[in-house]
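Each value in this text was obtained by applying a stated rule to the coordinates, not by laboratory testing. In this text the structure is predicted, and so the values were computed from the model without any measurement. Neighbour counts are summed over all protein chains in view; Cβ atoms, including those assigned to glycine, are modelled from backbone coordinates with ideal geometry.
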Amino acid sequence: MPRKQDRLLRVGVLGCGPIAQAAHFESCTKAANAELYAICDVADDLRERMAATHAPRRTYADYDAMLADPDLEAVIIATSDAFHVPAARRALEAGKHVLCEKPLATSVEEAESLRAVVAASDKILQVGHMKRFDPGLEAAHDFIRDGMGEMVALKAWYCDSTHRYAATDAVQPLIVTSRNARKPSEDPKADLQRYYMLAHGSHLVDTARFFAGDIVAVDARFTHRGGMRCWFVDVEFANGVLGHLDLTVAVRMDWHEGFQIYGANGSVIGKTYNPWYYRSSEVDIFHEAEGGTRRVLGADGHFYRRQLEGFARAALDGAPLHGADIEDGVASVRAMVAIAQSARSGRPVALADAHGDV
């Protein structure tokens, strides 16, 4: 891990649940330019156990008390989706930078309500689309920008696996739970079609936008057969690129995620691994003029730590925000809503007409 710098962004993590335990606590302790300054959770038993393990400087049972701490500079929101927007709003209004787990919101209107808050705060809001910090995806993005020429088409897929938990349980820390943890009023998994779109579709949509730009319309088909939920989505990008997205949960095979991109001067083919392996995507970049392919090693595959370091550079040094900003977060939610509406109606949906909840 990189050495700690002299000046560290003092970060508080809201929520001590699975994503904080698997990703954010470690990212704060390993990041070169950030520190785990505080943790906050209403569950005393869970908060105390996480404090004993990760040794923050401060612990809080009350979110407003953490936000009132003048030494706290930024917040990672690691709560259930339903709490993202209210927690982000309070942090921004308290003058703190925000790194919010994806998805930013569960409805278009809720996501858009943060625009004015971000603008008024003069603080950073970054959405936790950590795949943007996968070195393989970064290499693909750079080639698309600098060497591929005009993009023609993009295909991308995100297929969770029935074997995912057996594989990830071997590499993740033991996730600790508490009966006292705060839960949303409705069970997020009560509607699995909606849950999978928010949990997994948000990654797929953002990856497509990262490579090809704004989505203006979608035409989605959905089926639920053989225990699998499958969305096939034809996508129209603002730049005229043709797109096709495949979101399937859960395939009877290994984790299956990747993309193919065709351009005037070359192409990109990528295979992305389960994120908990912290292994960079295998990306083959073909140069038409050279008649050959190259692959970037991408040895540093700790996407969550690299995401936090990018966020801290923007907050501390004024560096450009490399991660997803408020507009990316809103666009991702709007695209998921449009896909859900198209799948239900059987008709194409323009993103400009997409409103409401996923």
task: Using a Gaussian network model of the chain whose springs link C-alpha atoms within less than 10 Å, name the residue from Tyr158, Tyr63, Tyr304 with the highest mean-square fluctuation.
output: Tyr63
Proximal aspartates and glutamates to Lys183, defined as alpha-carbon separation beneath 17 angstrom and excluding residues fewer than eight positions away on the same chain: Asp41, Asp44, Asp45, Asp62, Asp81, Glu101, Asp191
field: Under 26 Å from the Cα of Lys189 - lysines, other chains or at least 8 residues apart
entry: Lys102, Lys131
message: Give me Trp157, Trp231 sorted ascending by neighbouring Cβ count inside 10 Å, so fewest comes first.
response: Trp157, Trp231
Virtual spin-label span in nm between Met1 and Lys271, 7 Å along Cα→Cβ: 3.0
- prompt: Does the chain classify as rounded, prolate or oblate by the C-alpha gyration tensor (a ≥ b ≥ c root eigenvalues; a/c under 1.5 gives rounded; else a/b over b/c gives prolate, otherwise oblate)?
  reply: prolate
task: Please state the charge dipole magnitude for the range 115-246, taken about the Cα centre, from unit charges on C-beta atoms (+1 on K and R, -1 on D and E), reported in debye and rounded to the nearest 20.
output: 640
- request: For Thr162 and Leu242, calculate 0.36 nm times their separation in residues minus their Cα-Cα distance, and state this gained length in nm to one decimal.
  value: 25.8 nm
- prompt: How would you classify the range 149-248 from its alpha-carbon gyration tensor, with a ≥ b ≥ c the square roots of the eigenvalues: rounded for a/c under 1.5, else prolate if a/b is greater than b/c, otherwise oblate?
  reply: prolate
- prompt: Spin-label point model (7 Å from Cα, Cβ direction): what's the Val176 to Lys189 distance in nm?
  reply: 2.1
query: Under the definition of Cα pairs under 8 Å and six or more residues apart, what whole-number percent is the relative contact order of the range 93-194?
result: 22
- line: Computed, not fitted: 222 nm per-residue ellipticity of the chain from DSSP H runs ≥ 4 (each -39500 (n - 2.57)), nearest 500, equal to -9000 deg cm²/dmol
field: Packing rank of 319-329, 100-110, 202-212, 169-179, where each peptide gets the mean count of other beta carbons within 10 Å, highest leading
entry: 202-212, 100-110, 319-329, 169-179
task: Would you work out if the range 1-127 is rounded, prolate or oblate? Take a ≥ b ≥ c from the square roots of the eigenvalues of the alpha-carbon gyration tensor; rounded if a/c is under 1.5, else prolate when a/b is larger than b/c, oblate otherwise.
output: prolate
query: Going by average Cβ neighbours within 10 Å, how do the peptides 336-349, 16-29 rank, with the highest at the top?
result: 16-29, 336-349
message: Can you give the local net charge around Gln193? Use residues other than it whose beta-carbon is closer than 10 angstrom to its beta-carbon, Lys and Arg +1, Asp and Glu -1.
response: +2
- prompt: Which peptide among 147-155, 285-293, 308-316 comes first, and what is the full order, when sorted by highest mean count of other Cβ atoms within 10 Å?
  reply: 308-316, 147-155, 285-293
- request: Could I have the simple spin-label model distance between Asp62 and Arg49, label points 7 Å from Cα toward Cβ, reported in nm to one decimal?
  value: 2.6
- prompt: Across the range 5-15, in residue order, what do the Karplus-derived ³J(HN,Hα) couplings come to in whole Hz, using 6.51 cos²θ - 1.76 cosθ + 1.60 with θ = phi - 60° and x for Gly and Pro?
  reply: 7, 5, 9, 10, 6, 8, 10, x, 9, 8, x
- request: For the range 1-139, calculate the relative contact order in percent as a whole number, restricting contacts to Cα pairs under 8 Å that are 6 or more residues apart.
  value: 20
message: Over the chain, what is the relative contact order in percent, taking alpha-carbon pairs closer than 8 angstrom and at least six residues apart?
response: 21
task: Report the calculated FRET efficiency for Ser345 and Asp317 (r = Cβ-Cβ distance, R0 = 56 Å), to the nearest 0.05.
output: 0.75
- prompt: Which one of Ala43, Ala338, Val218 has its Cα pushed farthest toward the positive end of the charge dipole of the chain, where Lys and Arg give +1 and Asp and Glu give -1 at the Cβ?
  reply: Ala43
